[in-house]
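All remarks here apply to the structure that follows.
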Amino acid sequence: MRIPVPFTLIIFGGTGDLSRRKLFPALLALQQGGHLPERFQILALGRKDYDNESFRTSIMDGAPGITEAGWVKLLPRIQYLHMDVSKYEDFLKLKVKLTSGEEKDPKSSNHLYYLATPPDLYTHIAQTLASVDLTRETGGNWRRIVFEKPFGSGLESAKLLNQELTNVLNEDQIYRIDHYLGKESVQNIFALRFGNGIFEPTWNREFIHHIEITAAESIGVELRGAYYEESGALRDMIQNHLLQLLAIVAMEPPKAFLADDIRDMKEKVFNALRPIQGESVSDNVIRGQYIDSTIRGISVPGYRQETGVAKNSTTETFVAMRAYIDHPRWQGVPFYIRTGKRLPTRVTEVVIHYKAPVHNFFPDKLTADTGENQLVIRIQPDEGILLKLGMKVPGAGFKLKTIGMDFHYSDVESTSLPDAYERLILDALLGDSTLYARTDGVEAAWAFIDPILKAWQSNKRIKLYGYPAGSWGPNESIDLFEDEDEDWRYPCKNLTGEDTFCEL
């Protein structure tokens, strides 16, 4: 889809890591794909002393996988403006820059502001943009602001931030980004569920035994220790990314494939989550922190040895939880959610575990090599879908064995998966907020997470388990499963692989 009108994209934090690694490559891909109009410009803002040419050079240096020839058409559209957001006069300077050509071309006042900045600047930047009249929409032109995560650090801070922003912006001008929702494999869950008659009728408690959501990272906190000390895995991953995944998997069919209809259904899932609070936290949530270990002959530091981390830190780098949705579709179906750093491999997937047949007339000896049916939705890497079925082993006799029917996006000829930021930037420019979080959804997700955080802070008896770097987290996470013979799926980098110790 092509953006129908001219626009200016203004990037606060234009010299930062996110802009170099994600935003500019995504914009380049959008232009090469024919999605951007003939007239547009990109204005990067930052405190470093660049002119236009030196900044453009820094963009190319920050994306070594892209040749200089690849940038030729985009670079002339990029300008740089030295700006200190703490200075009101610099916002006036920005206004002059943005409005200088509007008398000749009124349509050039379509503005998308992207805040690739620390979260504590969100309110200040939005309020100051409003005070210099850079957020007011007139004459059919639009003004939108994209906010990166985290959006608040708890329920109260999220409510305050929402209130401060809606005092100066309309809700339809606010785009709260979650890059997980921009992934093609996440969006395909909508198609899988609602576009296939074999799945939606069985997508409920009558047929599904439990659902598992895993987001594993093989790296540690790297140089983000100071940030992670303030965040932790519960805030950093579960409150936004994984609860959003859960909502897409569990939501009721929307009336139409429209932004508000979809977000209405997701918000209902958040509100139906059974509270985990007080004494129930230790029974339903396991937290862990990776400790030093040796992985394939290489010594790996523990979390407390990482740069910027307190020596006695109690910040969690692993969380596993058991959650329930109190809704007729899901009553009694446990959702197991797991995320962590320094796990054996990098992988994100959703696993639907189906119930066994009501009447299984095969003798146990014939089904010893089969398990329950599973539908594995791989988000990353090796994106695709795996359906695990029990089938007869060829040959004489009659014995069943589990086999997998798999589809990989990489097998689709001439298809490449766009980066999440490509889709999300395109949607913001089109005014499509389907994949962005709404005020009520953000606050409902925090309302579920907040009591867990408060229990950890107030109840010192809740344990923080250590787990060796390179393992699948604390063994206690297995105890969350209701049945003794159940366990997590231990995925590999390859969709069809499954092992306790996977290759990185």
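The values are calculated or read from the model by the stated rules, or taken from the named source; none is laboratory data. Please read these numbers as outputs of a predicted model, since none were measured by experiment. Every residue, glycine among them, receives a Cβ derived from its backbone with ideal geometry; neighbour counts consider all protein chains shown.
Run down Leu429, Leu480, Leu453, Leu435 and say which single residue is buried (at least 16 other Cβ atoms within 10 Å of the Cβ) and in contact with a His (Cβ under 9 Å, 6 or more places away or on another chain).
The unique qualifying residue is Leu429.
Being at pLDDT 95 or above and not β-branched (Val, Ile, Thr) is the filter; apply it to the range 137-153 and report the residue that is farthest from the chain's Cα centre (by Cα).
Per the stated criteria, the residue is Trp142.
Please go through (1) assigned to a loop (DSSP other than H, G, I, E, B); (2) at positive phi; (3) buried (at least 18 other Cβ atoms within 10 Å of the Cβ) for Gly220 and return the number of the only condition it doesn't satisfy.
All conditions pass for Gly220, except number (2).
Against the conditions (1) surrounded by 15 or more Cβ atoms within 10 Å (Cβ to Cβ); (2) under 21 Å from the mean Cα position of the chain (by Cα); (3) not in a loop (DSSP other than H, G, I, E, B); (4) not small (Gly, Ala, Ser), where does Asp120 fall short? Just the number, please.
The number of the failed condition is (1).
List every residue pair whose Cβ atoms sit under 7 Å apart, with the two residues 6 or more apart in sequence or on different chains, where the first one lies in the range 61-87 and is closer than 21 Å to Gly34 by Cβ and the second, anywhere, is small (Gly, Ala, Ser).
As it stands, the answer is Ile78/Ala44, since those pairs meet every condition given.
Of the conditions (1) surrounded by 20 or more Cβ atoms within 10 Å (Cβ to Cβ); (2) of a type in the set (Lys, Arg); (3) assigned to a helix (DSSP H, G or I), Arg144 fails just one. Which one is it?
Only one criterion is unmet by Arg144, namely (3).
Return the residue satisfying two criteria in turn: it lies in the range 9-37 and is under 22 Å from the mean Cα position of the chain (by Cα) and outside any helix (DSSP H, G or I), and of such residues it is surrounded by the fewest Cβ atoms within 10 Å (Cβ to Cβ).
By that ranking, first place goes to Gly16.
Filter the range 39-70 down to the residues that are under 24 Å from Lys97 (Cα atoms) and either among the polar types (S, T, N, Q) or at pLDDT below 90 (or both) and list them by number.
Gln41, Asn52, Ser54, Thr57, Ser58
With respect to the numbered conditions (1) surrounded by 16 or more Cβ atoms within 10 Å (Cβ to Cβ); (2) touching a helix residue (DSSP H, G or I) at 6+ places or on another chain (Cβ under 7 Å), which one is the sole condition not fulfilled by Ile125?
(2)
I want to confirm something. Restricting to the range 390-416 and keeping residues that are exposed (fewer than 15 other Cβ atoms within 10 Å of the Cβ) and among the aliphatic types (A, V, I, L, M), which single residue is farthest from Arg346 (Cα to Cα)?
Once the filter is applied, the top-ranked residue is Ala396.
Looking at the range 361-386, which of the residues that are surrounded by 12 or more Cβ atoms within 10 Å (Cβ to Cβ) and more than 24 Å from Phe407 (Cβ to Cβ) is modelled with the highest pLDDT?
Phe362
Looking at this structure, is Arg77 under 21 Å from Leu429 (Cβ atoms), over 28 Å from the mean Cα position of the chain (by Cα), surrounded by fewer than 21 Cβ atoms within 10 Å (Cβ to Cβ) and among the basic types (Lys, Arg)?
On the way: under 21 Å from Leu429 (Cβ atoms): yes; over 28 Å from the mean Cα position of the chain (by Cα): yes; surrounded by fewer than 21 Cβ atoms within 10 Å (Cβ to Cβ): yes; among the basic types (Lys, Arg): yes.
Taking the combined requirement at face value, the residue satisfies it.
Restricting attention to the range 254-307, which residues are in contact with a helix residue (DSSP H, G or I) (Cβ under 6 Å, 6 or more places away or on another chain), within 24 Å of Phe335 (Cβ to Cβ), assigned to a loop (DSSP other than H, G, I, E, B) and free of Cβ contacts under 8 Å to residues at least 60 places away in the same chain?
Once the filter is applied, which keeps residues that are in contact with a helix residue (DSSP H, G or I) (Cβ under 6 Å, 6 or more places away or on another chain), within 24 Å of Phe335 (Cβ to Cβ), assigned to a loop (DSSP other than H, G, I, E, B) and free of Cβ contacts under 8 Å to residues at least 60 places away in the same chain, the range 254-307 yields only Pro254.
Identify, by number, the condition in (1) of a type outside the set (S, T, N, Q); (2) farther than 28 Å from Glu137 by Cβ; (3) outside any helix (DSSP H, G or I) that Leu242 doesn't meet.
(3)
Name every residue in the range 434-481 that is of a type in the set (S, T, N, Q) and out of contact with any Pro (no Cβ under 9 Å at 6 or more places or on another chain), in order of residue number.
Thr434, Thr439, Gln457, Ser458, Asn459, Asn475, Ser477
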